[in-house]
Amino acid sequence: MRGRKSFSMAEIEKLKQLFMEKDKADSDEQMSIRRKMRRMNFYISDFYHDMNYEDFIRLCNSGRITITDIDKKVKSNDEAEFLCNNDDNQSNEIRLGNNENLCSKNAEPQDNENFKEGLGPWVDEHSEILILGSLPSDVSLRERAYYQNKSKNSFWKLMHGLFGEGPDCKGFLMKHHIALWDCLSAANREGSLDSNISGGERPNNIPQLLESHPSIRRIVINGKSKAKGYFDRYFSDLYSHIDVIIVSSSSNANSIEFEAKLEEWKIILK
């Protein structure tokens, strides 16, 4: 990484302005704007080959770009807010809580009919492995519990294959030091399929979760397609900070035989 990833609020505001100018500029003007960014020690190439204003907002909201003087905005309830304004001067807000839904919001539009908000993390102070999916199914959202569409997903069957019999619940995972969450806190999605996600994405604040639960030593990404894609988009910096393992999706739409899938999942315990 050639540049910094921590900036003051004033620098963040300046970079936001430069990105808005860059998005509307021709190629020659963009080169000049990039030079201004580099003088601030911000390098686009540190994050993406190319990026726009909305990408920058996502980096701020996901925690990949941090704000050095955010403590000035801390409220009495120990919760901080960082306001990112989009082009319509509407504000999006990142909340850095303790064990609440540590979600962050980006500037993408919501589809009011199909906008789905996920669940808070299942985690405690003894958690050692964090399993990440993409976004809970409609059945899980209705039940307010993870992986409840059991006819279409073998997650709990895999957990029992790894740890033995027990209830399909948070307590069973906590007993075996497993934390559970998703890469996304919300998105537009018709139905339950990841393939139907169509924007409106808000990444969960996984870096803050890891900071507040230092016992977590490994991340397991549940799925080599969508879940990994969202992790790579929003949290690629974490590859250099923590052990990350990617396993085949627990979804039954994945054609791999269960026994082969279980053998693959056993790697998360090594």
Discussion item. Taking amide H atoms as placed 1.01 Å from N in the peptide plane, list the residues 5 or more away in sequence, or in a different chain, whose amide H sits under 5 Å from that of Leu184.
Written reply: Asn204
Discussion item. Which of Ser154, Ser45, Ser212, Ser27 has the fewest other C-beta atoms within 10 Å, and how do the rest follow up to the most?
Written reply: Ser27, Ser45, Ser212, Ser154
Worksheet item: For labels at Lys170 and Ala253 in the simple 7 Å Cα→Cβ model, what's the distance in nm?
Response: 2.7
Worksheet item: When a footprinting reagent is the concern and you count Cβ atoms within 10 Å, what order do Asp28, Asp243 take, fewest first?
Response: Asp28, Asp243
Fill in: Pairs beyond 25 Å (Cα-Cα), from Lys152/Lys226; Lys5/Lys228; Lys224/Lys270; Lys16/Lys226
Lys16/Lys226
Worksheet item: Which FRET efficiency, nearest 0.05, do Leu269 and Lys14 yield, Cβ-Cβ r, R0 41 Å?
Response: 0.30
Fill in: Loop sites in the range 120-192: GluC sites (Glu not before Pro), DSSP, at most 11 other Cβ within 10 Å
Glu125, Glu165
Worksheet entry | Positive-end residue, the range 114-269 charge dipole about Cα centroid, Cβ charges, pick of Tyr239, Leu158, Ile206 | Leu158
Discussion item. With θ taken as phi - 60° and the coefficients 6.51, -1.76 and 1.60, list the Karplus ³J(HN,Hα) couplings across the range 35-44 in order, rounded to whole Hz; mark glycine and proline as x.
Written reply: 5, 4, 5, 5, 5, 8, 6, 10, 10, 4
Worksheet entry | Paramagnetic label zone (point 7 Å from Cα along Cα-to-C-beta, Glu113; backbone N under 19 Å) in the range 124-143 | 138
Fill in: Net length gained if the chain between Arg144 and Met31 were fully extended (0.36 nm per residue, minus Cα distance)
35.8 nm
Worksheet, complete the sentence: Between Ala260 and Thr66, the two model label points (7 Å from Cα along the beta-carbon direction) sit apart by a distance in nm of 4.2
Response to the item:
For His160, placing the label point 7 angstrom along Cα-to-beta-carbon and taking the range 110-154, residues whose amide nitrogen sits under 16 Å are 147-154
Worksheet item: Tell me, what HN-Hα J-couplings in whole Hz come from the Karplus equation 6.51 cos²θ - 1.76 cosθ + 1.60 at θ = phi - 60° for each residue of the range 125-141, using x for Gly and Pro?
Response: 5, 9, 4, 10, 10, 10, 9, 10, x, 9, 7, x, 5, 4, 5, 5, 5
Response to the item:
Here the range 114-269 gives, from Cα atoms, an Rg and Dmax in Å of 14.4, 38
Worksheet item: Sequence-distant or interchain residues sharing an amide H contact under 5 Å with Thr66, placed H: which?
Response: Ser6, Phe7
Response to the item:
Neighbour-count ranking for Arg39, Arg218, Arg142 (other C-beta within 10 angstrom, fewest to most) reads Arg39, Arg142, Arg218
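Only the coordinates and a few stated rules stand behind these numbers; no lab work does. Remember, it's a predicted structure, so these values are computed and weren't measured experimentally. Note that we place each Cβ from the backbone using ideal geometry, even for glycine, and neighbour counts take in every protein chain shown.
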